[in-house]
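Have a look at the structure below, then the notes.
The values are calculated or read from the model by the stated rules, or taken from the named source; none is laboratory data. The structure presented is a predicted model; accordingly, all values stated were derived computationally and were not measured. In this analysis, Cβ positions are derived from the backbone assuming ideal geometry, glycine residues included, and neighbour counts consider all displayed protein chains. The protein model used for the area step is the full one, side chains on, heavy atoms only, and it has no ligands, DNA or RNA in it. Shrake-Rupley method; radii C 1.70, N 1.55, O 1.52, S 1.80 Å.
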Amino acid sequence: MARSIALVGGKAHHLARLSRHGFPVPPFFVISTRACARPLTDKGFKKKLARQVSRYFPQLATSRVAARSSAPLEDQQNHSFAGLYRSFLNLAHIDAIYSALQEIQQSLSRDAARLYSGEFSAANKSMAVILQKMIRPVVSGVIFTSHPVENDDDTLLLEIVAGECAALVSGEKSPAQLIIQKRDYSWRRRFAATEEIIASFVEGGDNIAQLTQLAVNVEEFFGAPQDIEWAFDGVTFWILQSRPITTLSHVKSAIFIDHHGVKWSNYFFAERFITRVSPLGWSFLQPIIRKTALQAPLWYLGYDNLCRAVRLKLVNGIPHAQFEAYAKLYAHLPRSLISTDKKHMLELSSERIKLPLNGYFAILFRLLLEDMSWFPQYNLWQWHHFQRQAAVWTKRMLPLDQRSAAECHQAFLETRRLSARFLSIHRWSITFADIFTALLQKFVRALGMTDKNALENLLRASANATMAANKSLLALNTRDSSSVKQFCLEYGHRSESLDIACPTWGEDIQRLKEMSAMLKRGRQRFLENQALNERLTRSTRAEIVTMLDKHSWLARNMLYNIFKVLLYYAEQFSLLRENQRDVWQRILRVSRFAALRVSQLLVAEGKLAHAEDIFYLTVAELRCLVHGRHGGDFTQLIQQRRQRRLDVAPAHATRATSTTGAAYHGIGVSQGRATGHARVVRNYAEAMRGQSGEILIAPSADPAWSPIFGVIAGLVMERGGVLSHASILAREFRLPTVTNIAQATQKIQDGDLVEIDGTDGRLVVLENGEKGCETHY
């Protein structure tokens, strides 16, 4: 029952979860918000309280207890309410406890608490109280698992005082401070200990390593950086409370806050749009993304008001959506089914939020009746049916050379309809990929497999469309025009962006030759890695079957069937993440060619100056031009938009100087270690200059970059998770890869000697590179 936040409050909720999972928490019980809502002066209440205290703390006079506040919104992800409610220590008899309860209850109406509630629009209307056994500590303190001032999640900040921690949190005592590195638990003093007992604790044995390991385990358990109050009694490290750090800035997430205070996130878009989006590309995609990816799911969950109000916008040319929409969509999913990168980038709380009652009715009567795609098998059938339809339609539409402007415009609008249909299927496919991958990982761990890379080995995606394109590039004879033409028929639709202003592979034969040459440079490594991947997949599956054979006949068959189902769906939907993008790009190629054909005709009529000008118009403006409903001149508007797009400064225009020895922690998505000189890149052209042995540092990577994966030594990205496009391909190339290194393109300089670990997700700067990388063309 103590896992219910509404019943016991945030502080007790966290302690209950920790205690339930075996963390060292002093014994406690909770007087619930329900009990505290009744008159505390009631004689029956006092008698019940006395019985419970004598039951849980029979030696109260000698052991003593602490009474701590625990309001529902206290110690939460966005609001701490730290120090605003009363707590009492060393209570030795029932009258003192009863008096403390009354004081804590009355602290709800303290001026400071009301001011805080008004500032953050978050008011606690009820209070629970924790009664907890007092620890007699030798030393105690607070440990932050991410440095709260420097905003660094690779270091911990430890504060230590002699005796009880109350003097520290109240500000009466100045603590000794240590800065601890997460990678190896090494530490340095920031403020030295002035008391011998603290110095003895710090220098004695492995106290700091034990405490750091405990703190890191708590952070991993909650899935977010923690502010932990601890105490050491000479034998055991006790956790007195743990709450999320609320002061970390959004630099480590995908959140942007505008001048109105509205939060925006680029999470869905960052990987799909490497460069700034054109006006035509954005006006083409924005309505269908808003409707299918945001409005429809919100409507299914019963968030009608947010469904109508949700917006998207461009920030420095990159699409962003309202953060509130993402928060609502993921708030109700079990955290174990959400990928680490989503939880990190979207700042999701550690606990699933229950749907309101109308949400369950909405799911029942809207989702079940309106959209059957939430059945995995139906979603797969629906996808294969759509794939066949799209293939026939795109083949019939091209070429467009002989069609009129009106016909091409109609084709352009039809690709928009197909894109909307595509996204209505794709939204479920990527959800199922996350869910079945998480379930398969849980199954593998439950079997007792200790190999960290077991899931990675099981879900090899060598059959995806990008790997097929790479194999064709490897075999391509670039001197044979018929071979190049055949390749363009099969893969010429591919592009490094979903923006239709971005040219396709088939329009740039020089790029094809460059990619083919790059793959051939790493031919031997590519082929060896493909063979190794197949061996690892077979051996991992054989190992799981061997482990299942140890069970009884009935259990073995049941578990084996569960494994087959989970593996089948995890494979299918992981594969679709990449293959669905390939089909969408076939559709978008028709969009692009239709727009270019219209532009060609408009240039001939004198309505546009250049063919590329069309990408600086919106869909509505294009419609007016085609149908002659606009008598004005768009020339000036096009020039203004072109200039605005050029005026947006690149995000990596200024970089901080890297520090030798600096370590950063992200998410390991492709196993292996690599050491090499860094090359900071932001687009395909820069990436393809990479040299053998270098480690690419990028905001994110598009599948079109994959030919360089066979040459470079490693890859680091600011964004992405285990199932992102670049991560899937990196595993196929056995390229050590780390994602979620915030601002990596600014923290790392060209030429820095860096080491990365694609299993543990770490990056270390070994040596500062002042001269940068040599550029080869």
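Suppose we keep only residues that are among the polar types (S, T, N, Q) and assigned to a helix (DSSP H, G or I) within the range 398-456. Which one would you say is farthest from residue 368 (Cα to Cα)?
Keep residues of the range 398-456 that are among the polar types (S, T, N, Q), which gives 402, 404, 410, 415, 419, 424, 429, 431, 437, 441, 450, 453.
Narrowing the set further to residues that are assigned to a helix (DSSP H, G or I) leaves 410, 415, 419, 424, 429, 431, 437, 441.
On the way: 410: 34, 415: 28, 419: 23, 424: 15, 429: 17, 431: 17, 437: 24, 441: 28 Å.
Residue satisfying both the conditions and the ranking: 410.
Note down all Cβ pairs under 6 Å where the first residue falls in the range 322-350 and is modelled with pLDDT under 75, the second is in a helix (DSSP H, G or I) and hydrophobic (A, V, I, L, M, F, W, C), and they're at least six residues apart or on different chains.
350/222
Per-residue answers, yes or no, for (1) in contact with a Pro (Cβ under 8 Å, 6 or more places away or on another chain); (2) open to solvent by 40 Å² or more (accessible area, probe 1.4 Å); (3) of a type outside the set (S, T, N, Q):
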residue	(1), (2), (3)
273	yes, no, yes
284	no, no, yes
288	no, no, yes
291	no, yes, yes
299	no, yes, yes
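Going by what's in this entry, would residue 759 be described as modelled with pLDDT under 90 and either open to solvent by less than 10 Å² (accessible area, probe 1.4 Å) or among the β-branched types (Val, Ile, Thr) (or both)?
Yes; evaluated as a whole, the condition is true for this residue.
Looking only at residues that are closer than 30 Å to residue 214 by Cβ and part of a helix (DSSP H, G or I) in the range 34-58, which one is least open to solvent (accessible area, probe 1.4 Å)?
53
For the range 710-734, enumerate the residues that are touching a residue at least 60 places away in the same chain (Cβ under 8 Å), over 21 Å from the mean Cα position of the chain (by Cα) and within 21 Å of residue 749 (Cα to Cα).
Passing the criteria: only 711.
Could you tell me whether residue 748 is of a type outside the set (Lys, Arg) and without any contact (Cβ under 8 Å) to a residue 40 or more places away in the chain?
So residue 748 fails the test.
In contact with a Phe, Trp or Tyr (Cβ under 7 Å, 6 or more places away or on another chain) and assigned to a helix (DSSP H, G or I): does that describe residue 527?
No, not satisfied.
For (1) modelled with pLDDT of 75 or more; (2) buried (at least 18 other Cβ atoms within 10 Å of the Cβ); (3) closer than 29 Å to residue 176 by Cα; (4) touching a helix residue (DSSP H, G or I) at 6+ places or on another chain (Cβ under 9 Å), each residue gets a yes or a no:
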| position | (1), (2), (3), (4) |
| --- | --- |
| 82 | no, no, yes, yes |
| 91 | yes, yes, yes, yes |
| 102 | yes, no, no, no |
| 116 | no, yes, no, no |
| 121 | no, no, no, no |
| 128 | yes, yes, no, yes |
| 132 | yes, yes, yes, yes |
| 140 | yes, yes, yes, yes |
| 143 | yes, yes, yes, yes |
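Please specify each residue of the range 702-721 satisfying the condition of being in contact with a strand residue (DSSP E or B) (Cβ under 6 Å, 6 or more places away or on another chain) and open to solvent by less than 10 Å² (accessible area, probe 1.4 Å).
Scanning the range 702-721 gives 712, 714, 715, 716, 717.
Kindly indicate the residue of the range 196-214 that is open to solvent by 70 Å² or more (accessible area, probe 1.4 Å) and part of a loop (DSSP other than H, G, I, E, B) and also modelled with the highest pLDDT among those meeting that condition.
It comes out as 206.
Can you tell which of 193, 231, 224 is at pLDDT 85 or above and either assigned to a strand (DSSP E or B) or among the aliphatic types (A, V, I, L, M) (or both)?
Only one candidate qualifies: 231.
Residues in the range 5-19: is at least one basic (Lys, Arg), at pLDDT 85 or above and open to solvent by 70 Å² or more (accessible area, probe 1.4 Å)?
No, the conditions are met nowhere in the range 5-19.
Report whether or not residue 512 is open to solvent by less than 20 Å² (accessible area, probe 1.4 Å), part of a helix (DSSP H, G or I) and without any contact (Cβ under 8 Å) to a residue 60 or more places away in the chain.
yes
Collect the residues in the range 339-366 that are of a type in the set (A, V, I, L, M, F, W, C) and either open to solvent by less than 20 Å² (accessible area, probe 1.4 Å) or closer than 30 Å to residue 219 by Cα (or both), keeping them in residue-number order.
Matches in the range 339-366: 345, 346, 348, 353, 355, 362.
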